[in-house]
Amino acid sequence: MNDEVDSHARHAAIPSLSTRGWHMNNNVSVVRGTTPKFDVDELRRGYTDEGFCVIPELFPSELVAEAAAAAEAVAEGRTDTGMQPRIREREAGNGSQRLIKIAEPHNASRALRALITSPEPWRAIAAVTGARMLQVWAVDLFIKRPVSTGHANIGWHQDGPYATYWKGDIFTVWIALSEVSTDSSPLRYVPGSHRLGPVGKADLFHTDLDLAGAGLALPTGFTWTEVAAEVPAGGIAMHHRDTLHASGPNLSSQSRISLAVRIRTDRCELLSEARQVAHLTDGELAPVVYDRTSETDHAKA
């Protein structure tokens, strides 16, 4: 019991998000957005100190509803652009898919493109990160069907080791297209883990979320605590490239639908070519969603 109280006290004392409430749920702290109004300075402190933050109801509700329907259409193999996603990853076996993961789903959907390029949310995200430019360089669709086992879990991992062709500031904006509560597979974060730097390329589909089986090269003395991020539909959880995160089973009665939008800023450099970034010059598939570089540079001239 003391461990639970100590963990809660540690997180509650961190001055990071005025828009969220903290409580304990099965030894895991829970963070949730509570109001669409938010304090940029506190969000920035949370993102910097903890490696993640949550912003509720950021994307327009009508675009979110259309995107959720479009996500299911893409999962069924439909397209309204004449293009197909880059990769469809399937679970082993021939049964129904409990976890659907599709790379570049917006290739096949105008509704997903419209959501991703909605301008106002990116102004807020740029303010939190301090970036002058934001470009989408990859998008992953995740659909988790209701399931009572861990077969659809996403294992503990960092995003950075999967994108070694980037040096510098990249991060993930995880958009909830459906309500994400504690029972519908919220992202689970390890606060402060981004300060460790890369700890190895873990197996994304390692379904055992016990730390002992994660195969992570953690330094001696590192204190492991977990936070579950509850996000309303249209809200986001955004995290640093080195923040450890995972997600468990979807125990709700509805599918959990989300987009992991991979972002680069003006503070990063492409080190090498890779198939994941072959479309960087395509404004529809890799849109620049925020850009004040020209304005700032002109002001300095």
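The values are calculated or read from the model by the stated rules, or taken from the named source; none is laboratory data. Treat the numbers as computed from the prediction; the structure is a model and nothing was measured. Because the Cβ atoms are built from the backbone with ideal geometry, glycine has one as well, and the counts that use them run over all protein chains shown.
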Which pairs have Cβ atoms under 7 Å, sit 6 or more apart or on different chains, and link a residue in the range 107-122 that is within 20 Å of T265 (Cα to Cα) to one that is aromatic (F, W, Y)? L115/F59; S118/F59; P121/F59; W122/Y290
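I need a count of the residues in the range 217-231 that are among the aliphatic types (A, V, I, L, M) and surrounded by fewer than 21 Cβ atoms within 10 Å (Cβ to Cβ).
Pass one, the range 217-231, residues among the aliphatic types (A, V, I, L, M): 217-218, 227-229, 231.
Imposing the further condition that a residue be surrounded by fewer than 21 Cβ atoms within 10 Å (Cβ to Cβ) reduces the set to 217-218.
Residues in the range 217-231 being among the aliphatic types (A, V, I, L, M) and surrounded by fewer than 21 Cβ atoms within 10 Å (Cβ to Cβ): 2 in total.
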Here's a check for you: in the range 126-147, which residue that is touching a strand residue (DSSP E or B) at 6+ places or on another chain (Cβ under 7 Å) and of a type in the set (G, A, S) is surrounded by the fewest Cβ atoms within 10 Å (Cβ to Cβ)? A126
Single unsatisfied condition, S148 versus (1) touching a Gly at 6+ places or on another chain (Cβ under 6 Å); (2) under 28 Å from Q254 (Cβ atoms): (1)
Mind checking which residues of the range 252-273 are surrounded by 15 or more Cβ atoms within 10 Å (Cβ to Cβ) and not in a strand (DSSP E or B)? S252, S255
Criterion (part of a loop (DSSP other than H, G, I, E, B) and crowded, with 20+ Cβ neighbours inside 10 Å) met by exactly one of G283, G234: G234
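Examine the range 85-108 for a residue that is among the basic types (K, R) and modelled with pLDDT of 95 or more, and state whether such a residue exists.
Start the filter on the range 85-108 by keeping residues that are among the basic types (K, R), which leaves 86, 88, 90, 98, 101.
From what is left, the residues that are modelled with pLDDT of 95 or more are none.
No.
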Pairs please, first residue from the range 69-87 and touching a residue at least 60 places away in the same chain (Cβ under 8 Å) and more than 16 Å from H279 (Cβ to Cβ), second anywhere and of a type in the set (A, V, I, L, M, F, W, C) and assigned to a loop (DSSP other than H, G, I, E, B), Cβ atoms under 9 Å, 6+ apart in sequence or on different chains. A71/L177
Filter the range 53-110 for residues that are of a type in the set (V, I, T) and assigned to a helix (DSSP H, G or I); the one that is nearest to the chain's Cα centre (by Cα) is V64
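Kindly indicate the residue of the range 140-193 that is among the basic types (K, R) and under 16 Å from the mean Cα position of the chain (by Cα) and also farthest from A217 (Cα to Cα) among those meeting that condition. If you could, list the steps in order and put the result at the bottom.
Quick first cut of the range 140-193, residues among the basic types (K, R) only: 144-145, 167, 188.
Among the residues that remain, those that are also under 16 Å from the mean Cα position of the chain (by Cα) are: 144, 188.
Numbers: K144: 28, R188: 19 Å.
By that ranking, first place goes to K144.
Every residue, every condition in (1) β-branched (V, I, T); (2) touching a Pro at 6+ places or on another chain (Cβ under 7 Å), yes or no:
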position: V147; (1), (2): yes, yes
position: Q158; (1), (2): no, yes
position: K167; (1), (2): no, no
position: W174; (1), (2): no, no
position: S193; (1), (2): no, no
position: A202; (1), (2): no, no
position: F205; (1), (2): no, no
Residues R113, R123: which one is part of a helix (DSSP H, G or I), surrounded by 14 or more Cβ atoms within 10 Å (Cβ to Cβ) and of a type in the set (D, E, K, R)? R113
